[in-house]
Structures are given as structure tokens and as C-alpha cells.
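Handing you a structure now.
Rule-based calculations on the coordinates, nothing more; no lab input. From a predicted model like this one, the values you see are computed outputs, not experimental measurements. Cβ atoms come from the backbone with ideal geometry, glycine included; neighbour counts cover every protein chain shown.
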Amino acid sequence: MTTAPNRATLWGRVLADELAAGGLEAVCLAPGSRSTPLTIAFAKHPEIEVFSHLDERSAAFFALGRARRTGEPTALVCTSGTAAANFHPAVIEAAQARVPMLVLTADRPPELRDSGANQTVDQLDLYGDAVRWHAELPVPEASERTVRSLRTSAARALLETTVSEPGPVHLNCPFRKPLEPIETDGLESVPDEFSETLAGRGRDGAFVGTREPERGAVDADDVDSLRAVLESAARPLIVAGPADPATLSPSQLDPTDVIAVADAVGAPVLADPLSNLRFGPHIAADRSTSDTQTIYGGYDGYIDALPAPDAVLRFGASPTSKRLRHFLRDAAARQFLLDPVGAWREATFTATDLVAAEPGAVFETLADELANTDSDSGWRTRFAEAEHTHWTHCDDARTDEVLESTPFEGAILAAVFEAVPDPATIFVSNSMPIRDGDRFGRPREADLTVLANRGASGIDGITSSALGAGSATEEPLVLVTGDLAFYHDSNGLLALERCGVDATIVLLDNDGGGIFHKLPVEAFDPPFTSQFKTPHGLEFDALAELYDFDLQHVGPTEFEDAYRQSLASEGTQVLSVAFDSAASHRRREELDETVRTAVGADDD
């Protein structure tokens, strides 16, 4: 039964109660006056975990990271004005990456809009097409029909974050004063008898029960086409791109089904580090038995030195590896793209068939129906040999003797994945860290959840997203980030203390935008150094004192020992490893050429 001293308080309580009844478990709150009814209702709710943030942008990315880790929506609350605009970058990432999120923005009532009233901006349709659904709630009133509408809107908003194509939903929430839970008379009061109505008391549980419809059911004709093409192919290939949050669970996509299909037709599985397939108990421990290897992770180092496939089965988002994307672009092969909502996520526009179905259901069906043909065992053997060559040269490049003379960031990423405990959550920044993670993150049996913001691929909010992911699990949390991303979201470090999250933060400090060394603009200096690489000369030691964590400067040869010590320690440690970005990139290029030459020579 809902009682309240005024209408704004009633609105906050009803909304919080209905969202909790619908399954919402966490909310990120940013301070502000107009959002007072929502803030108080959530802060007092016994079933919703509250994370308090001072910075709206950091709050939004924290919610994004938590939802990315859980696959369930996290809510956001802010006051009116530019506070809501600061949510926008995270909303865009959530939309692009299919991350469920519920955005609740408080607002002035309609009569104060377009009037010059303080802190008033146009918040209707604020996020444009970046949200799956948006609505403005009615101004609070103690009307049975209107409160029933509010309860129903709460149920619909939660459902819209996960139904069909998961993503963000925006509810704009106008409030008139008083905003605090104080007794009132007149229009803003709530009659005592209102709590006895259906609208006032609600129902036992959610006011509206919601059930997600089955998405992307498997069509028998599609499965028949897939089976026929895979069984007849001499060089079949399976490509697992970055996973949507909902498919991180084996209940959505069972890795053993993927392996069974691959083994049946003799297809290598190229597993993106974000695919949830490169790491886990399904990975064979003995990598010396090349003819049984199914999952491959080193392909970015050698894929274009191998023959083209004649059939490709793809699922997940676009692969991190540009080289793999171009390899698939240039392959004259039948390419099936699986997507649960039938969306096109293939930017080279060379896939031949779009199959609207859940990948997990397709692989489960294929695993039951495929005969074990393995028509060309030499195809996977060739991949296994290339994989072995890749990792051998990578290991040689990581020895202390070599790193002393030619250090490069890829060696750090290799150590991060190799030495992290089982289980663990690893969040990798965009720019060079995720690219190095793709090339140097070797498959292993450990249960690793690897995450990154690859929807819009920005470097904003990286720290906050990682800490949000860490808030959803008891596993060790590792964040790998570059210096620009670390600087960009330094406000997010406040969540270490306020939200009770510990992490090992690996800071790759190359004093600027090292990724630009990959581009032709590197040859044009000026303006390359001042306008692209943008060296900043910042030292981050002061942040350690400000946010109360340990910061250690370690050399490339010292990193692995320091990393293992941090993982075994309490609290948060930042391990800062300095690199010369140009020299590091030249080392990548040398290693790249060595591996591709060695793999290509094996075909002669």
C-alpha cells in the first residue's frame, strides 16, 4: 500500500516500487534538487542497491558497465538541465552495444518550460534515436487513472530495455514543488483514502506482469541451408564477434555447441576476446595437440597469410580485428550472419545471408543435426600451425632480454590475460589496448569475462564502466587503459571509495594518442605531434593521493611480478607502465611482419 505526504513523494515511491517489483536491482543516483522525489524513494527502497555519484557522466558509464556485466538494466537518476545531457555519451554506447539501461531524468513541469526558468532545457526526446523507447510521465497527481498509468509505464519501460533489441530507455519525469516528503494542503496533497484504491495500493508483485517474447526463433529452412553449405565446404570458418550482454551467459550461447558444430565440419573458430568464447573451461588445455584445436585467438597476426574460406558462419558484433574484417570482405564465400533481431552488423557489406535467429539456438540445432564430415582436416591443421607460429614469436618478443631493448604494449596485454586469476573480469579500453588484447590475449581455460565499450568505441567513461562492471561481481577486476582514457575519466575514480569497488588498473602511459601512429597522418608532422598524438606530459601520481589508491611506476620487465602482487592484494593499485608510442608501434610492425612471413612460408 502506497501512502505519501504529497504528490511528488507519491510519484517517487510508486515508480521505485514498480521498478523493483519488475526486477530492477540497482540504480545510480546523481545529486540534484528536482530529482529529490526519485532520489529519496530509491535511497530508501530495501530491494534496490544504490550507487551514489557526483558526476553524471561517470554515473552513466558506471551504470553502463554494470548492465554490460549483468545483462540486466541498471537505472540512472539525475536532476533537470545539463545533468541529463551528461548521460548522453553512455546512452549512445548502450544503444550501439545493446546494453539495457533505464534513464530517469527529472524535469520542470510544463508551465516552466520555454520561459527562461533556471536550469530548464528541452528534455523531450533528448536522446533522439539512441533510445529504444522514450516517454514523458504525467505531472504527479492523486488520480487513480493517472497513477495506474504510471505503474504501467514503469513496467513497459523495463520491458523495453530488454525486449527485441536491448538498449536504453528514457523516462522524463516532471515534478512540481514541494519536492521533499513534507505534508501539504491543496492541490499537491494526497487524500488519505487514496491508499485504499487499486492505484494507491498496487498489486501483489508487479502491477503489470511482463514476459519477453521469444526472439529469433530458428527457421528450419535457414538451418537446412546452413547445414548444407557447411557440410559441403572444404574451408569452412566460424567467426565469433563481440558478444551482446545477454549472450554472456552459457544459457544463451553454449560454447560446447559452437565447438561441436566446428568439429563436425572441420571449421576453425576465430574468437574475438569479447566473444565469451576465447576464454573458459571449454578451451582445450593441451595446445600441443594441434589437430584437436578448435578455438583460435592469434588470427590478427596471420589471417591474411592463409587461403580464403569458402563458407563463413558469423555471429556477434563486428570483430575487433580490422585485418579479419578485411579478410572476410575479400573472401568470395557464402557468408551467413546470425543476429537475434535481424540487424545488420557487418560494415564491409559482403555477407550474403542475414539470418534473424538467436545464435545459441542455431548452434544447438546444428550440433544435433550435423554429421561429422571434417571434409578437409588439413584446413584446421593449417590454422593450428599458424596459431603455433604466432604464439611462439609473441613469446620470444616477451622475454626480459628482448623487452629491455624493444618494449611494446602488447607484451603487457599478453601478461594481463595470462596471469589473471580464474575467474576474473577484465575491462579493456578502446584505442590500442583492445587491439593489443585482441592480438596478444591467448586463449586459456580460465573463466574470464572480458568487456569493452565497442558499441561506439569511444575512450570516454572507461574507468567508470570498468568499476560499474566490478560492482556486479565478487571476482577480481582488472582494468587496462591508456593514459588519455585514464585522464578523460579521472572523475570516475571517486567510485572506488563511494561505491566500494577495488581494482587492479593497468595504465599504459605513452604520453598521448599512440593509436595515431597506425594512420598515414603520422607522416605529416606538423601537425601530427601537436594535433593528433597530443603529448600531455601529465604525471598521475597526484590522483593516487586524491582518490586514495596506490600508484606504482613499473618497467615492462617488472610488470608481471607487480601485477601478480596487486592481484593478491587488497584495495586498488594502479600499475603505470611507460612506453614510447612510436617505438612500441614499430615493434608491433616488426613482429607482425615476422609472423606473417613465417606463416606464409609454410605454404611454399
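Using a simple spin-label model with points 7 Å from Cα along the Cα→Cβ vector, what separation in nm is obtained for A568 and H536?
So the label points at A568 and H536 sit 3.3 nm apart.
Quick one: which residues, 5+ away or cross-chain, put their amide H under 5 Å from the amide H of L451? H built at 1.01 Å from N.
Result for L451 returns I426, F427, V428.
Measuring from centroid to centroid over Cα atoms, what is the spacing of region 534-567 and region 376-404 in Å?
30
Same structure again: Over the Cα atoms of the chain, Rg to Rh with Kirkwood Rh, two decimal places?
1.01
Oh, and also: Would you kindly calculate the translational diffusion coefficient of region 201-282, applying Stokes-Einstein with the Kirkwood radius from alpha carbon pairs, for 10 °C and a viscosity of 1.306 mPa s, and quote it in µm² s⁻¹ without decimals? Before the final figure, lay out each step's value.
Details: Rh = 15.4 Å.
Using the Kirkwood radius from Cα pairs, D works out to 103 µm²/s.
Hey, fewest Cβ within 10 Å first, where do C173, C499 land in order?
Details: C173 26, C499 21.
Ranked by crowding around the Cβ, least crowded first: C499, C173.
For L237, what residues show an amide H to amide H distance below 5 Å, using hydrogens built from the backbone and excluding near sequence neighbours?
Residues meeting the criterion, in which the H sits 1.01 Å from N, are A311, V312, L313.
How long, wide and thick is region 398-600, going by the Cα atoms along their three principal axes, in whole angstroms, largest first?
Principal extents (Cα only, largest first): 45, 39, 34 Å.
For the chain, what is the calculated [θ] at 222 nm in deg cm²/dmol (nearest 500), taking -39500 (n - 2.57) for each run of four or more DSSP H residues and dividing by its residue count?
-11000 deg cm²/dmol
Now, a different point. State, to one decimal in nm, how far the label point of L198 lies from the label point of D580, with both points 7 Å from Cα in the Cβ direction.
7.6
Can I ask one more? Pick out, from V77, V554, V312, the residue whose Cα sits farthest towards the positive end of the charge dipole of the chain, with +1 on the Cβ of Lys and Arg and -1 on the Cβ of Asp and Glu.
Of the candidates, V77 comes out farthest on the positive side.
What is the spin-label model distance, in nm, from T256 to S232 if the labels are put 7 Å beyond Cα along the C-beta direction?
Each label point lies 7 Å from its Cα, and together they span 3.3 nm.
Sticking with this one: Would you work out the relative contact order for region 29-158, in percent, from Cα pairs under 8 angstrom that are 6 or more residues apart? Kindly include the intermediate steps, with their values, before the conclusion.
Values: 166 pairs, mean separation 29.3, N = 130.
Rounded, it is 23 percent for region 29-158.
Please report the equivalent ellipsoid semi-axes of region 220-387, computed as sqrt(5 x eigenvalue) of the Cα gyration tensor, largest first, in whole Å. Write out the running numbers ahead of the final one.
Values: eigenvalues 81, 63, 59 Å².
Listed largest to smallest, the semi-axes of region 220-387 are 20, 18, 17 Å.
What do the square roots of 5 times the Cα gyration tensor eigenvalues come to for region 7-201, in whole Å, largest first, as semi-axes of the equivalent ellipsoid?
On the way: eigenvalues 129, 72, 44 Å².
They are 25, 19, 15 Å, listed from largest to smallest.
Which ³J(HN,Hα) values, rounded to whole Hz and listed in residue order, are derived for region 477-493 from phi using the Karplus coefficients 6.51, -1.76 and 1.60 in 6.51 cos²θ - 1.76 cosθ + 1.60 with θ = phi - 60°, glycine and proline given as x?
10, 10, 10, 10, 9, x, 5, 5, 5, 5, 5, 4, 10, 4, 4, x, 5
Excluding residues on the same chain fewer than 8 positions from K518, give the lysines whose Cα lies under 28 Å from its Cα.
Correct list for K518: K322, K533.
Provide S189, S581 in ascending order of the number of other Cβ atoms located within 10 Å of each residue's Cβ, fewest first.
Details: S189 16, S581 24.
Fewest to most other Cβ atoms nearby, the residues stand as S189, S581.
Shifting gears a bit: Most exposed first by the Cβ proxy, i.e. fewest other Cβ within 10 Å, how do W11, W379 rank? Let's see the in-between values first.
Working: W11 26, W379 23.
Fewest to most other Cβ atoms nearby, the residues stand as W379, W11.
Would you mind classifying region 300-390 by shape? Square roots of the alpha carbon gyration tensor eigenvalues, ordered a ≥ b ≥ c; an a/c under 1.5 is rounded, otherwise it is prolate if a/b is larger than b/c and oblate if not.
Details: a/c = 1.97, a/b = 1.19, b/c = 1.65.
It is oblate, given that a/c is not under 1.5 and a/b is not larger than b/c.
If I take R0 = 51 Å and measure r between the Cβ atoms of F349 and T152 in this structure, what FRET efficiency does the formula 1/(1 + (r/R0)^6) give, to the nearest 0.05?
Values: r = 41 Å, r/R0 = 0.81.
So, using R0 = 51 Å, E works out to roughly 0.80.
In units of 2.2 N^0.38 Å, what is the alpha-carbon radius of gyration of region 511-604? Could you put the intermediate results ahead of the total?
On the way: Rg = 18.2 Å, N = 94, 2.2 N^0.38 = 12.4 Å.
Rg over 2.2 N^0.38 Å, computed on Cα atoms: 1.47.
How high is the FRET efficiency from H553 to D422, r the C-beta distance, R0 35 Å, rounded to 0.05? Don't skip to the end; give the middle numbers.
Numbers: r = 28 Å, r/R0 = 0.81.
Calculated transfer efficiency: 0.80.
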